[in-house]
1. Among the residues of segment 90-101, which ones are assigned to a loop (DSSP other than H, G, I, E, B) and either at pLDDT 95 or above or of a type in the set (Val, Ile, Thr) (or both)?
2. Quickly run through segment 5-21 and pick out the residues that are surrounded by 15 or more Cβ atoms within 10 Å (Cβ to Cβ) and modelled with pLDDT under 90.
3. Just one of the numbered conditions (1) out of contact with any strand residue (DSSP E or B) (no Cβ under 6 Å at 6 or more places or on another chain); (2) without any contact (Cβ under 8 Å) to a residue 60 or more places away in the chain is not true of PHE56; which one?
4. Out of segment 74-91, which residues are touching a residue at least 60 places away in the same chain (Cβ under 8 Å) and over 17 Å from GLY26 (Cβ atoms)?
5. Considering segment 106-142 alone, what residues qualify as being modelled with pLDDT under 95, closer than 18 Å to HIS19 by Cα and assigned to a loop (DSSP other than H, G, I, E, B)?
6. Given the residues PHE56, PHE51, which is the only one that is farther than 19 Å from VAL135 by Cβ, open to solvent by 70 Å² or more (accessible area, probe 1.4 Å) and hydrophobic (A, V, I, L, M, F, W, C)?
Amino acid sequence: MAKHTYESVFSELRKGVFHPVYYFMGEEAFFIDRLTDYIANNALPEEMRGFCQTVFYGSDVSMETIVNCARSYPMMAERQVVIVKEAQLIKETDALLAYLKNPQPTTVLVFAHKNGSLDKRKKIAAELERVGVVVEFKKVRDEQLPTFVNNYLRGKGA
């Protein structure tokens, strides 16, 4: 499977291609936030977000609650979006592992895991890779900043 990058994921999202699970992780919160916000603002029409979009925070929710929400069906829409911010604060993953064996096709489940990454040696990492899109964002180094800023501004049309 090809390794996903910010550009490849963003390109797919702009084309309207949504995968069942996204796991964004790493030290560079800017990219995690941009992709998560893009999905939140574009996966559903604005009038459907109140019915079919749920945002959880890892400090306030269990994985079982997230999975139960992800397994439900959307109300009057083709899909529902479940976003988990601060995913690094959720420790138990058994419920997610069970969900990944048979994810709900009408759900887009997004995890935003900042300031660290998932242990790639664990079974959960392999299952996430198999079913969804996993992207790790490393910190932009100082010598890369001018190129990053130029590319960002070019993308904005500036």
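1. ILE90, THR93
2. Correct list: TYR6 only.
3. (1)
4. The answer is ARG79, and nothing else.
5. Selection gives GLY132 alone.
6. So the residue among PHE56, PHE51 that is farther than 19 Å from VAL135 by Cβ, open to solvent by 70 Å² or more (accessible area, probe 1.4 Å) and hydrophobic (A, V, I, L, M, F, W, C) is PHE51.
Residue by residue, here is whether (1) closer than 17 Å to SER117 by Cα; (2) open to solvent by 40 Å² or more (accessible area, probe 1.4 Å); (3) in a loop (DSSP other than H, G, I, E, B); (4) at pLDDT below 95 holds:
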site	(1), (2), (3), (4)
TYR23	yes, no, no, no
PHE31	yes, no, no, yes
ASP37	no, yes, no, no
ILE66	no, no, no, no
ALA70	no, no, no, no
VAL82	no, no, no, no
GLN88	yes, yes, no, yes
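The values are calculated or read from the model by the stated rules, or taken from the named source; none is laboratory data. Everything quoted here is computed from the prediction, not taken from an experiment. Every residue, glycine among them, receives a Cβ derived from its backbone with ideal geometry; neighbour counts consider all protein chains shown. Just so you know, the surface numbers come from the protein's heavy atoms only, side chains and all, with ligands and any DNA or RNA stripped out. Shrake-Rupley method; radii C 1.70, N 1.55, O 1.52, S 1.80 Å.
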